[in-house]
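J.: First, the structure itself, so that you have it in front of you.
The values are calculated or read from the model by the stated rules, or taken from the named source; none is laboratory data. Please read all numbers here as calculations on a predicted model, not as lab measurements. Heads up, the Cβs are rebuilt from the backbone with ideal geometry, glycines too, and the neighbour counts pull from every protein chain shown.
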Amino acid sequence: MPQASHRAQVTFHGTVQGVGFRYTACRIASRHPHITGAVRNEPNGSVALTAEGTRQQLEAFLSEIISSMSGYITTHNVQWSTGTPSYHAFGIER
């Protein structure tokens, strides 16, 4: 039986633009093949990330991003919802 899909919408604040944050998120996503979604810079200087997968997959993925980029993140906010299969891979949105 397939596990239920979840969606995590995360906003990262701090010095998160111009430091390779989006590329790091993509590199980490490549190690989590069942994660789909996108990451993008926001006009206010934050980075928005939307990811879908199982809750366990998403928690591992986000934990790795937060650990890798902890020197740049001052705060982050995660909103959980039911996944909608709107992504086929993980990438950068411009």
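J.: If I ask for residues that are in a loop (DSSP other than H, G, I, E, B) and more than 17 Å from residue 17 (Cα to Cα), which ones from segment 40-94 would you list?
T.: 54, 83, 84, 85, 86, 87, 88, 89
J.: Another one. Of these, 59, 93, which one is surrounded by 12 or more Cβ atoms within 10 Å (Cβ to Cβ) and touching a Lys or Arg at 6+ places or on another chain (Cβ under 9 Å)?
T.: Just a single option satisfies the conditions, and that option is 93.
J.: Looking only at segment 5-39, which residues are assigned to a helix (DSSP H, G or I) and closer than 20 Å to residue 88 by Cβ?
T.: Passing the criteria: 22, 23, 25, 26, 27, 28, 29, 30.
J.: Another question, then. Looking at segment 62-90 only, could you name the residues that are surrounded by fewer than 16 Cβ atoms within 10 Å (Cβ to Cβ) and either free of Cβ contacts under 8 Å to residues at least 12 places away in the same chain or under 10 Å from the mean Cα position of the chain (by Cα) (or both)?
T.: Hits for segment 62-90 are 63, 66, 67, 70, 71, 78.
J.: Any idea which of 17, 3, 57 is over 13 Å from the mean Cα position of the chain (by Cα) and either at pLDDT 95 or above or of a type in the set (Asp, Glu) (or both)?
T.: Only one candidate passes the filter, namely 17.
J.: Across segment 54-91, which residue is farthest from residue 13 (Cα to Cα) among those that are in contact with a strand residue (DSSP E or B) (Cβ under 6 Å, 6 or more places away or on another chain) and of a type in the set (Val, Ile, Thr)?
T.: Among those residues, the one meeting the criterion is 78.
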